[in-house]
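*Asks:* I'd like to ask some things about the structure below.
The values are calculated or read from the model by the stated rules, or taken from the named source; none is laboratory data. Because the structure is a prediction, the values reported are computed rather than measured. We place every Cβ from the backbone using ideal geometry, glycine too, and count neighbours over all the protein chains shown. Just the protein is used for accessible areas: all its heavy atoms, side chains included, with ligands, DNA and RNA removed. Shrake-Rupley method; radii C 1.70, N 1.55, O 1.52, S 1.80 Å.
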Protein chains: 2
Amino acid sequence: MKTLKAITFYNFLLIFSISMTGQNNAGKNAGKIIESIIKQTGSGTVPNTVDVIKAGDANTPVKGIVTSMFATMDVLKKAVAMNCNLIIAHEPLFYNHLDETKQFANDQVFLEKKKFIDDNKLIIWRFHDYIHRIKPDAIDLGMAKKLGWERYSPDKEYNMFIIPETTLRELLVELKRVFPKNAFNVVGNPDMRLSKVAFSAGAPGSSQHIRLLEDTSVDVVLAGEVPQWETYEYARDAVSQGRKKAIIFLGHVTSEEPGMEYCAEWLKGFIKDIPVNFVASGPSYWTY
Amino acid sequence: MKTLKAITFYNFLLIFSISMTGQNNAGKNAGKIIESIIKQTGSGTVPNTVDVIKAGDANTPVKGIVTSMFATMDVLKKAVAMNCNLIIAHEPLFYNHLDETKQFANDQVFLEKKKFIDDNKLIIWRFHDYIHRIKPDAIDLGMAKKLGWERYSPDKEYNMFIIPETTLRELLVELKRVFPKNAFNVVGNPDMRLSKVAFSAGAPGSSQHIRLLEDTSVDVVLAGEVPQWETYEYARDAVSQGRKKAIIFLGHVTSEEPGMEYCAEWLKGFIKDIPVNFVASGPSYWTY
């Protein structure tokens, strides 16, 4: 009896604690949970958003949540092993921005991935447009946390950092310490001294990168990816002209994965009765 | 007199030899030389081609020709030092596919590059659409020559090679030998055995890459570049599903620069009275 009483009291505390500090999500279906996440971002409705369910049934009750950069085959398998059925991925499921699948009707890779999702009753939701609209942008904040640079962002927007003066070479050593498996594509003089670092996650296009490189209050840009005939060549010419500018391409995954790691922490702030886990997809390639 | 006679006879031979084996280009302006190059490709007119003069005056007499992958600041300076004023580049001059410059009206990098071109009366012509239409595609043939793989192309199209069976790891060692400064982005199992290699230069888009990876007559694709959320993730899923497939991204420059090296040889086949030189721009970035 004593034990039962204790359990009952514990359950009361648990339920009380959920109602005090978070939503009651137990038994909620994926559609409802996604709605509540979007609400929590504080963003107005994004027209034509890509943040829709890419596969699976919105009516499925959610057992557990996995956040990831990409819902790769590997991430999906890990999610199933962790008994999680809602996968929240920042990027597309099927290899193009809008997840168009018509061209994959007879593609074995697509069909096997789709079958795995269906067989395991998974729901894949993309969380892209809305996570970037959290104030401050949760992808930027995730990177700041990963680098330990929150204190270096004067305006707390986490896309512009004033770090203690260092060289491009030393900055790369520090980045390698944080992302040991990552290859960094760099345009710039390794001896260049710098302290003003802009962060431009993902693939916003070269005009954003170039605007940052033009800005006299920026020494170096940490970027995700871009076509190589665009920002890369602009930066190469700038350096060749003797300008004190540099850009480091982290790769798309590395530039935004810390944001999806932080996303799991952010979700745990209001989803307390469903397990939430971050699963790294890691860079899509290895470098030789 | 003997000497003069000898020189005169030599000049006669030179002129005779030019008229027999090539065009007489001495004193020709850039516009005329470009016309003759396009004619030599054997291609019909390409509508809306990007192969236009990007900077400089078509009426300028050509002193010498430089072929390059990109007309970087560095390549332009080398061309001037070599007394060459027609630069034939495969890719854009001003950091976007159509060389739109409106957004650079106040950009110091653009203005300095433009001034250098104007001050030195250079002509920059893009040779992209037409060089790919030479039969066989001269960019593909350039890569085959660079790798020493001409004999491995059964159809002599140089975009599909049957090489002696090897592993992905050993293939990368060979590629590193040919391109020692290049970083290769790889998706695939290093121990995978392979012999059927498809080559897909530049940035043709993921649908071409994926079509090649779907093809049972292809083990590995040598590619240029692509957005990382496209082919990279498709290939990662394919490998994760246990498929015997791999893709190696050489980077955009490395995938097409051998073609522009070969282009200089090809031009020398019919332009014999103007110096023609290849100048490497090299990869746009270094990798750490």
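*Asks:* Under the definition of partner shielding as Cβ atoms of other protein chains within 10 Å of a residue Cβ, what is the mean value for peptide A:223-231? Can you show the working numbers first?
*Replies:* Working: counts 0, 1, 6, 2, 8, 13, 14, 5, 2.
That works out to 6 on average.
*Asks:* When chain B is modelled as a GNM with alpha-carbon springs shorter than 10 Å, which of B:Ala55, B:Ala201, B:Ala30 fluctuates the most?
*Replies:* B:Ala55
*Asks:* Further, regarding this structure: For the stretch A:29-75, list whatever residues lose no less than 20 Å² of accessible surface once every protein chain is in place, relative to that chain by itself, with the probe at 1.4 Å.
*Replies:* Flagged in the stretch A:29-75: A:Phe70, A:Thr72, A:Met73.
*Asks:* Mind listing the label-point distances from A:Pro154 to the same position on all other copies, shortest first, one decimal in nm, points 7 Å along Cα→Cβ?
*Replies:* Values, ascending and in nm: 6.5.
*Asks:* Ordered by residue, what ³J(HN,Hα) values in Hz, to whole numbers, does the stretch B:253-270 give under the Karplus form 6.51 cos²θ - 1.76 cosθ + 1.60, where θ = phi - 60° and Gly and Pro are x?
*Replies:* Each residue of the stretch B:253-270 in turn: 4, 4, 6, 10, 4, x, x, 6, 5, 5, 3, 4, 5, 4, 4, 5, x, 9 Hz.
*Asks:* With every protein chain left in place, what is the accessible area per residue of the stretch A:86-186 in square angstrom, probe 1.4 Å?
*Replies:* 46 Å²
*Asks:* Roughly how much of B:Arg169 is accessible, in Å² to the nearest 10, using a 1.4 Å probe?
*Replies:* The accessible area of B:Arg169 comes to roughly 110 Å².
*Asks:* Could you state how much accessible area B:Asp119 has, in square angstrom rounded to the nearest 10, with a 1.4 Å probe and all protein chains kept in place?
*Replies:* 90 Å²
*Asks:* Kindly tabulate the residues in the stretch B:106-124 with an accessible-area decrease of at least 10 Å² between the chain alone and the assembly of all protein chains, using a probe of 1.4 Å.
*Replies:* Those are B:Asp107, B:Gln108, B:Val109, B:Glu112, which lose 10 Å² or more relative to the chain on its own.
*Asks:* At 222 nm, what value in deg cm²/dmol follows for chain B if DSSP H runs of at least 4 each add -39500 (n - 2.57) and the sum is divided by all its residues, to the nearest 500?
*Replies:* The per-residue figure over chain B is -12000 deg cm²/dmol.
*Asks:* Send over the semi-axes of the stretch B:110-186's equivalent ellipsoid, whole angstrom and largest first, taken as the square roots of 5 times the C-alpha gyration tensor eigenvalues. Kindly include the intermediate steps, with their values, before the conclusion.
*Replies:* Working: eigenvalues 233, 75, 15 Å².
Working through the eigenvalues yields semi-axes of 34, 19, 9 Å.
*Asks:* For the stretch A:216-288, with every protein chain kept in place, what is the accessible area per residue (1.4 Å probe, Å²)?
*Replies:* Values: 2040 Å² over 73 residues.
That works out to 28 Å² for each residue.
*Asks:* Please compute one quarter of the surface area of the Cα convex hull for the stretch A:199-240 and express it in square nanometres.
*Replies:* 2.7 nm²
*Asks:* Right, something else. Using 0.36 nm times the number of residues separating A:Asp155 and A:Lys39, minus their current alpha carbon distance, what extension gain do you get? Before the final figure, lay out the partial values.
*Replies:* Numbers: separation 116, 0.36 × 116 = 41.76 nm, distance 2.48 nm.
Here the segment from A:Asp155 to A:Lys39 would lengthen by 39.3 nm.
*Asks:* Quick one: pull the percentage of alpha-carbon pairs in the stretch A:146-288 with a separation above 21 Å.
*Replies:* Taking all Cα-Cα pairs of the stretch A:146-288, the fraction more than 21 Å apart is 45 percent.
*Asks:* Something else about it: For the stretch A:106-120 and the stretch B:33-77, write down the distance between their C-alpha centroids in whole Å.
*Replies:* 48 Å
*Asks:* For chains B and A, what's the summed buried accessible area, probe 1.4 Å, to the nearest 100 square angstrom?
*Replies:* That pair hides around 5000 Å² of surface in total.
*Asks:* Using a 1.4 Å probe over the heavy atoms of the protein chains, calculate the carbon and sulfur portion of the accessible area of the stretch A:168-288 as a whole percent.
*Replies:* Carbon and sulfur together cover 51 percent of it.
*Asks:* For peptide A:235-244, what's the mean number of Cβ atoms from other chains within 10 Å of each residue's Cβ?
*Replies:* 6
*Asks:* Another question about this same structure. Top mean-square fluctuation among A:Asp155, A:Asp273, A:Asp219, Gaussian network model of chain A, C-alpha springs under 10 Å?
*Replies:* A:Asp155
*Asks:* At 7 angstrom along the Cα-to-beta-carbon line, where would the label on B:Glu100 sit relative to the other copies? Give the distances in nm, shortest first.
*Replies:* Result for B:Glu100, in nm, nearest copy first: 2.0.
*Asks:* Distances from B:Pro47 to the same position in the other copies: list them in nm, one decimal, shortest first, using label points 7 Å from Cα along Cα→Cβ.
*Replies:* 3.2
*Asks:* Same structure again: Please provide three numbers in whole Å: the alpha-carbon extents of chain A along the principal axes, with the largest listed first.
*Replies:* Extents along the principal axes, in whole Å: 77, 52, 37.
*Asks:* Using a 1.4 angstrom probe and counting only protein chains, how large is the accessible area of B:Met160 in Å², to 10?
*Replies:* Result for B:Met160: roughly 40 Å² accessible.
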